[in-house]
Amino acid sequence: MNLVTNDKLIKRNKTIGNVTSIVGIAILAAGLILNINPTATKTLISFGALIVGFIVAQVSTYFVTRFGRSPRYDEIIADNLSKLSNKYTFYVYSAPVPMLLVGPEGLWIPIPVSASGEIYYDKKWKQRGGSFLLKLFGQENIGRPGLDIEANEKEMVKFLSDHFDEAEIPPVNSILISLHSKGSIGDVENAPTPIVEANAVRRKIRKFDRKSEEVIPQEVLDKINALLGQ
């Protein structure tokens, strides 16, 4: 498998995560200090500082989780996909979506899910169990994968529509990837999108591609890779 990574963006976002983490802690600490000898004004400022500090902390969590930790989400996924043939190219923050696997039978959009507890599908994606406190702070919450899938696929189809006729646009698929060590996959029989653990991504994609009756013409595949590689 070929790997194309936007190292400049990753480095920048890692810095953003580190800086906002320090800033968030400083704001929260200032809010607490103001309450040592409270007055009406200090209490109001302290309350505002706690709100701002919480927002900054949420921003920091987003960037640190995706760019500041090692191995990053994309590194875990790339490691599992690495044994795919050179017909596949994995784009990391170098495509219209954060991660994109371009293969001979179609395009795949991996979407990380870092949620503890059981992940299952019952008319929508749900989560059972896990740490309430960490979910409250957005660290182990399943979020809304359905919206992520819809937005990413829409963005990718729009990109392809700008460069290809409708008949030439290859299939665009999404796959959810459970990355939390304490996460498990429950009943997903009726799920509209497949979900697998990180060590099963390559197997799932190869199995799907082997059954696919569509093959992207080589000239279309070459053009997609050329556009993404610019």
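The values are calculated or read from the model by the stated rules, or taken from the named source; none is laboratory data. All values derive from a computational prediction rather than experimental measurement. Here the Cβ positions follow ideal geometry from the backbone for every residue, glycine too, while neighbour counts run over all protein chains shown.
Taking the criterion of being in contact with a strand residue (DSSP E or B) (Cβ under 7 Å, 6 or more places away or on another chain) and either polar (S, T, N, Q) or surrounded by fewer than 16 Cβ atoms within 10 Å (Cβ to Cβ) (or both), the residues of region 205-230 that qualify are 212, 214, 225, 229. Each residue in region 155-167 was checked for being surrounded by 12 or more Cβ atoms within 10 Å (Cβ to Cβ) and either outside any helix (DSSP H, G or I) or within 16 Å of the chain's Cα centre (by Cα) (or both), and 4 of them qualify. Could you please find all residues in region 47-67 being without any contact (Cβ under 8 Å) to a residue 60 or more places away in the chain and either under 20 Å from residue 35 (Cα atoms) or over 13 Å from the mean Cα position of the chain (by Cα) (or both)? Within region 47-67, 47, 48, 49, 50, 51, 52, 53, 54, 55, 56, 59, 60 qualify.
Checked against the criterion of being within 22 Å of the chain's Cα centre (by Cα) and surrounded by 16 or more Cβ atoms within 10 Å (Cβ to Cβ), region 20-38 has at least one qualifying residue. Of the candidates 127, 139, the single residue that is among the polar types (S, T, N, Q) and either at pLDDT 90 or above or over 19 Å from residue 191 (Cα atoms) (or both) is 139.
Checking each residue in region 202-227 for being closer than 17 Å to residue 89 by Cβ, of a type in the set (D, E, K, R) and in contact (Cβ under 8 Å) with a residue 60 or more places away in the chain picks out 202, 206, 209, 223. If the condition is being farther than 22 Å from residue 5 by Cβ, surrounded by fewer than 19 Cβ atoms within 10 Å (Cβ to Cβ) and out of contact with any Lys or Arg (no Cβ under 9 Å at 6 or more places or on another chain), then region 73-128 contributes 122, 123, 126, 128.
Within region 98-114, residues that are under 15 Å from residue 218 (Cβ atoms) reach partners that are surrounded by fewer than 21 Cβ atoms within 10 Å (Cβ to Cβ) and small (Gly, Ala, Ser) with beta carbons closer than 8 Å, at six or more positions or on different chains, in the pairs 105/212; 106/212. Going by what's in this entry, would residue 70 be described as in contact (Cβ under 8 Å) with a residue 60 or more places away in the chain and part of a loop (DSSP other than H, G, I, E, B)? So residue 70 does not fit the description; no. Based on what the data block shows, is residue 101 outside any strand (DSSP E or B), hydrophobic (A, V, I, L, M, F, W, C) and modelled with pLDDT of 90 or more? In short, no. The set of residues in region 168-204 being within 19 Å of residue 78 (Cα to Cα) and not in a strand (DSSP E or B) consists of 179, 180, 181, 194, 198, 199, 200, 201, 202, 203, 204.
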